[in-house]
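The values are calculated or read from the model by the stated rules, or taken from the named source; none is laboratory data. Keep in mind the model is a prediction, meaning the values are calculated, not measured. As a convention, Cβ positions derive from the backbone with ideal geometry for all residues, glycine included, and neighbour counts pool all protein chains shown. Keep in mind that these areas ignore ligands, DNA and RNA; they rest on the heavy atoms of the full protein, side chains included. Shrake-Rupley method; radii C 1.70, N 1.55, O 1.52, S 1.80 Å.
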Amino acid sequence: MPYVHDTLEALRKSSPAQTEFYQAAEEVLECLRPLFEHSPHYLDHNIIERIVEPERQIMFRVCWTDDAGKVQVNKGYRIQFNSALGPYKGGLRFHPSVTSGTIKFLGFEQIFKNALTGLPIGGGKGGSDFEPKGRSDGEIMRFCQAFMSELYRHIGPTTDVPAGDIGVGAREIGFLYGQYKRLTGRYEGVLTGKSLNWGGSIGRKEATGYGAVYFAENMLEARGETLEGKTCLVSGAGNVAIYTIEKLYELGAIPVTCSDSRGTIHHARGIDLDLLKELKEVKRVSLEAYLEKHPEARYLPAGDYPEDGHAVWRIEGDVAFPCATQNELTETDAEALLGNGVTCISEGANMPSTAAAVDRFLAAKAAYGPGKAANAGGVATSQLEMAQNSSMEKWPLEKVDTKLKEIMANIHRQCAETAEEFDDPTNLVLGANIAGFRKVADAMIEQGVV
Ligand code: NDP
């Protein structure tokens, strides 16, 4: 079928230099081949060309003043990719590496992820090349206010509901919300990940990490195993990594690593979760400070494997949770993981494994949960926050956690059943892409050419 090649060629021409987006698009399109053989009507409706094209892309200038009184300028983005299933939904990322291509790949992945949750949410994403590290609270606030001063006119509780992502946590969501309220005069559920004091959902902060662990549990259960007693490798030290580690402890596993952009901590008796929270949620400092309390742990500075790969994936373990960023796990890393005994990989981050690494996992028939399935617990719980906001209710933790578990089990079931339907039963990448795509494409066809 020439459509994969033709579509990617057309994207390279019309949207140059968006490598991560081509990577995400290629994976989805390749996985859809067997579906189109079986259901060619999707091609007749030209769904492929329509689905890779965002409904709307907004780019804007963000000007703000730093503590020294100097005017700073950043780029702001919001991509409203697909609204076939509901209002656009997806996080905001503040990181210096952000480009329009980063936001586009994240928005594209978000379409299928949101479809898999079974909830009425379309796909969107946004962010800025702003670097929050090293900035004072006052600077963060002024940046967030400037960012929202443009974004507010494009979002709303039934049109587009952003949330957090890398560099955007409770503090930033608070500043963004305050500015939205000031500009519109409305107190409404326009952002998720809000503080519990003023409209947030209990369990949202934890949901992505907890969900990635539930997904791993579902994958292991299908193979007659559990997480109990398993040694787990976690990368990242932010929101997703921290709550992955927390849930792993609750289920009797031993998380022995975490990492940030400067290095990896390997603590064989298990990561000190309270210390990790203090270093990253309160003090916002490098992981190197972990050694002050635990000199017996190992610190592996980033760049130990400069030619290809990352120290965190060279440690022995049973289950891996990449929870930092895209393409953080290379083919060489995948080989090292498989060689070291890892049999299950559940992605907390978005597209953390390169295409070649994914091929290795699939060839080895490892239990591999791609990000768009395994980390969907975050956006699913964001939708639960929207439901609570619109009905003016506040649900208890048990209700949110029970729903999260059900949603993750349901996503796993859909991926596994779809993989089975297309005769590739261990391939959850195929299952996730086809199951997510079918929902969105069917809705697009039913809603006509818009
Ligand atoms: P945070 O900003 O809270 O944490 C990100 C962590 O990853 C930090 O420890 C950061 O280190 C590390 N990191 C970032 N970039 C790199 C890099 N290039 N190399 C090594 N380490 C890096 O973000 P989140 O935990 O929210 O997000 C992590 C991943 O999970 C992202 O892929 C995100 O898209 C995905 N995700 C997040 C969801 C959420 O609800 N928050 C939902 C679904 C997916 P440092 O502090 O040194 O920068």
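Which residue, ASN410, ASN327, ASN46, tops the fluctuation ranking in a GNM of the chain built on C-alpha contacts under 10 Å?
Fluctuation is largest for ASN46.
How much net charge surrounds ILE155 when only other residues with a Cβ under 11 Å from its Cβ are counted (Lys, Arg +1; Asp, Glu -1)?
Surrounding charge for ILE155 is 0.
Restricting to DSSP H runs of at least four residues, report the calculated mean residue ellipticity at 222 nm for the chain, -39500 (n - 2.57) per run over all residues, nearest 500 deg cm²/dmol.
Helix-only estimate at 222 nm: -14500 deg cm²/dmol.
Using a probe of 1.4 angstrom, how much of the accessible area of the chain is carbon and sulfur, in percent?
Result for the chain: 51 percent of the exposed heavy-atom area is carbon or sulfur.
How many angstrom separate the Cα center of segment 189-224 from the Cα center of segment 248-281?
What the calculation gives is 18 Å, centre to centre.
About the Cα centre of segment 287-353, what is the dipole size in debye to 20, counting +1 per Lys and Arg Cβ and -1 per Asp and Glu Cβ, all else neutral?
Value, rounded to 20: 200 debye.
With a probe of 1.4 Å, find how much accessible area the chain has per residue, and write the answer as a whole number in Å².
40 Å²
Does the chain classify as rounded, prolate or oblate by the C-alpha gyration tensor (a ≥ b ≥ c root eigenvalues; a/c under 1.5 gives rounded; else a/b over b/c gives prolate, otherwise oblate)?
Because its axes are fairly even, with a/c under 1.5, the chain counts as rounded.
Can you give the extra length, in nm with one decimal, that the chain gains between ALA68 and ARG413 once fully stretched, where that is 0.36 nm per residue apart less the Cα-Cα distance?
Difference between extended and current length: 118.8 nm.
With the Cα gyration tensor of segment 357-450 giving a ≥ b ≥ c as the square roots of its eigenvalues, does the rule (a/c under 1.5 for rounded; else a/b larger than b/c for prolate; else oblate) give rounded, prolate or oblate?
oblate
Less than 9 Å Cβ to Cβ from GLY436, Lys/Arg counted +1 and Asp/Glu -1: what total charge do the surrounding residues give?
+4
Between segment 1-71 and segment 358-410, what is the separation of their alpha carbon centroids in Å?
So the two Cα centres are separated by 24 Å.
Could you work out the relative contact order of the chain? I mean the mean sequence separation of Cα pairs under 8 Å and 6+ apart, divided by the number of residues, in percent.
For the chain, the relative contact order is 15 percent.
Any idea what the dipole of segment 2-189 comes to, in debye rounded to 20, about its Cα centre with Lys/Arg Cβ at +1 and Asp/Glu Cβ at -1?
760 debye
What is the local net charge at LEU227, summed over the other residues whose Cβ is closer than 15 Å to its Cβ (Lys, Arg +1; Asp, Glu -1)?
Charge balance in the 15 Å sphere: -3.
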